[in-house]
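Structure record follows, encoded as structure tokens.
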Amino acid sequence: MPPEPTDEFMEKISKIIEEIVKNLPDHENAHIMGCAIITGGPIDPGSFRMPNIPHKDAIPYELLEGEDRFYLTFTLPPNLNSAPDIDIRTDGVSLRIGERETTIPLERTVDIIHSYYSIRHNVVDIVLKKAMIRQVM
């Protein structure tokens, strides 16, 4: 079966990013966890947060905050025997892979019904819709 056009595009993008990273200062310490192309609204460059990993068993992740959504990405280990447990709650997300678990609290309430995740090429992308804030008058 021929590769899908999006797979070919992502492979080319991956090679370009790899070349860019190789030419960065201190590139030995650089890493890429996943690749998410986000459309539909501005993202504040200061909204990117790397986690403070409290212990070695925590799951590393990347978190971006947009105007009306949070974007959370993490990588699954190779040769995983079971699916990850992803629990999207109104106050955050819990990730469990085998014995490893990480809880990510969020500063805004999440609209669970309009939030979702996808897994592709061992990269998990979670899109969390922020709940509408109702003002009482």
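Descriptive notes on the structure:
- Residues of the range 70-87 that turn out to be more than 13 Å from residue 118 (Cβ to Cβ) and either small (Gly, Ala, Ser) or under 16 Å from the mean Cα position of the chain (by Cα) (or both), as a count: 6
- The residues listed here are 104, 126; of these, the one that is at pLDDT 90 or above, aliphatic (A, V, I, L, M), under 27 Å from residue 21 (Cα atoms) and not assigned by TED's automatic domain parsing to the domain that holds residue 18 is 126.
- Candidates in the range 91-134 are the residues that are polar (S, T, N, Q) and within 17 Å of residue 66 (Cα to Cα); of these, the one that is nearest to the chain's Cα centre (by Cα) is 115.
The values are calculated or read from the model by the stated rules, or taken from the named source; none is laboratory data. What you are looking at is a predicted structure, and each value in this text was computed from that prediction instead of being measured. Virtual Cβ from ideal backbone geometry, glycine too; neighbours counted across all protein chains shown.
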